[in-house]
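The block underneath contains the structure these notes are about, expressed in C-alpha cells.
The values are calculated or read from the model by the stated rules, or taken from the named source; none is laboratory data. These figures come from a predicted structure and were not determined experimentally. Cβ atoms come from the backbone with ideal geometry, glycine included; neighbour counts cover every protein chain shown.
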C-alpha cells in the first residue's frame, strides 16, 4: 500500500457497527470509503452523510447506506482528509472544493478523524494556500477586501472558467504571510461580506492518522511532535 492507502484503510477501523458517519472528500479518504464499502458488504451496519457530490456518488456505487441531517442531526464520527496539518492540530482543507460541506459535517460530529500522508504535515500555515469560498455576485469586491487584509488571492478555475463548488460558489485560493494566529484570521475573513466559509478548520480535529513510508502513525490532540 502507498502512504495514502495505509492511512485511509487504518481510519476505517474507527468505524463501529451502528455508527452514523460523515464521509469526507479527497484522495486519501477515498481509501477509507472504499474499505467501508467492503465492510458494509460483509455486514457492517452504518449510515453515512457525504461531504460532496463526488463522495455521494462513490458511496452509492459501494452501496453504503446514506442519510440526511433531517433524519440524523448528529454524527458519531467524520473521517476526512486535509491539505495541511500543524502540530497543534489546526487544518487547511478545501483543495477539492468541498470545504463548506466538509465543515458543516465536521461541526455536526462528535469526533473528527483526519487522514493524511506525511507530506501534509507543516510547522505553520505561512506561505500555504487557504481556500476561501465566496459568493459569485460581486466576488471581485470580496477579493479586494481579502487583499486589503494581506491576502494574495487567485480565483480557482476549471475548464476555462471559474471553478464552481457544489453550493454554486467560487473559491479564492489565498496566501497570507505570515499566519501568526489562524483563529484570528478565520474570524477576520468570516466577518467579510461575501465570504461564505474558509478552509481553516480551527480546533476541530481530534485524531490525525498519518501514512508514512514505514507504516501508520496515529496522533491525538495531546501529541505535539510529528
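See the values below:
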item: Residues of the range 106-124 classified as farther than 20 Å from residue 196 by Cβ and assigned to a loop (DSSP other than H, G, I, E, B), total; result: 5
item: Any chance residue 103 is part of a helix (DSSP H, G or I) and either surrounded by 18 or more Cβ atoms within 10 Å (Cβ to Cβ) or in the same structural domain as residue 157 (by the TED database) (or both); result: yes
item: Residue that is crowded, with 24+ Cβ neighbours inside 10 Å, without any contact (Cβ under 8 Å) to a residue 40 or more places away in the chain and more than 13 Å from residue 113 (Cβ to Cβ), where the choices are 48, 37, 43; result: 48
